[in-house]
Amino acid sequence: MFLKNILLASIGLSAGGVIAAGLFAFITAIGIVPRLAGKTHTAGHARLYEDCIVLGAGTGNAVQLFHLPMAGGWPVLAVFGLCAGVFVGCLIMSLAETLDAVPVMTRRLRLAVGFQYIILSLALGKCAGSLAAVFLGIGT
């Protein structure tokens, strides 16, 4: 029984490590940190961005794995949700720029102006869907 638990723990930790390495390789490949540092003109703090990504991933894993309570209640959860949303938004926009999806979409839709409103409407729709899932239980 003890050897079985050790084997299962080893397999679980190894699989988690491989998935985490793949995610960080993906983040590095699409260049999210240099793009974020370039857009905000804070290239000197690129190491801080990397450290925050790794710290956030590790903390999120520990909270999920060990079911740690979130001290601070809903204000802390709201700040966490905002930060997670900003991260996912930056990740998606970096991927879209890497794949050159944005210029192709603007040419196909023949957009000269107003592209920022399309992005805003997508973000607001995502926000509304998340709020409906959390507060109304829709989609769960």
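Helix 74-98: angle to the longest alpha-carbon principal axis of the chain, degrees 0 to 90, nearest 10?
60 degrees
Say the dipole of the range 37-140 comes from +1 at the beta carbon of Lys and Arg and -1 at that of Asp and Glu; which of V113, S130, L77 then lies farthest toward its positive end?
Of V113, S130, L77, it is V113.
Compute a Gaussian network model of the chain, connecting alpha carbons closer than 10 Å, and tell me which residue from F66, F115, F87 fluctuates the most.
Largest GNM mean-square fluctuation: F66.
If I27, I138, I119 are ordered by their accessible area, calculated over protein heavy atoms with a 1.4 Å probe, which sequence runs from highest to lowest?
On the way: I27 10, I138 100, I119 65 Å².
In descending accessible area the options line up as I138, I119, I27.
Convex hull over the alpha-carbon atoms of the range 56-121: what's its volume per residue in Å³?
Numbers: hull volume 7.2 nm³, N = 66.
Looking at the range 56-121, the number lands at 108 Å³ per residue.
Gap in Å between the Cα centre of the range 41-93 and the Cα centre of the range 103-140?
A separation of 22 Å, based on Cα centres.
Tell me, in nm to one decimal, what length is gained between F2 and I138 on full extension, where the rule is 0.36 nm per residue of separation less the Cα-Cα distance?
Details: separation 136, 0.36 × 136 = 48.96 nm, distance 4.24 nm.
Stretched fully, the F2-I138 segment lengthens by 44.7 nm.
I'm a student and want to see the number: the projected area of the Cα convex hull of the chain, averaged over all directions, in nm². Numbers along the way, then the final one.
On the way: hull surface 49.7 nm².
Across all orientations, the chain yields a mean hull projection of 12.4 nm².
Which of I30, L48, L13 sits closest to the plus end of the dipole of the range 1-103, meaning its Cα is farthest towards the positive end, when Lys and Arg get +1 and Asp and Glu get -1 on the C-beta?
Checked the options; the winner is L13.
Got a sec to turn the phi values of the range 29-36 into Karplus ³J(HN,Hα) couplings, 6.51 cos²θ - 1.76 cosθ + 1.60 with θ = phi - 60°, whole Hz, x for Gly and Pro?
5, 7, x, 5, 5, x, 5, 5
Calculate, for A71 and Q116, the FRET efficiency according to 1/(1 + (r/R0)^6) with r their C-beta to C-beta distance and R0 25 Å; round to the nearest 0.05.
On the way: r = 37 Å, r/R0 = 1.50.
The computed FRET efficiency comes out at 0.10.
The values are calculated or read from the model by the stated rules, or taken from the named source; none is laboratory data. All values derive from a computational prediction rather than experimental measurement. Cβ coordinates were reconstructed from backbone atoms using ideal geometry, including for glycine residues, and neighbour counts include every protein chain displayed. What goes into the accessible areas is simple: the full protein's heavy atoms, side chains included, and nothing from ligands, DNA or RNA. Shrake-Rupley method; radii C 1.70, N 1.55, O 1.52, S 1.80 Å.
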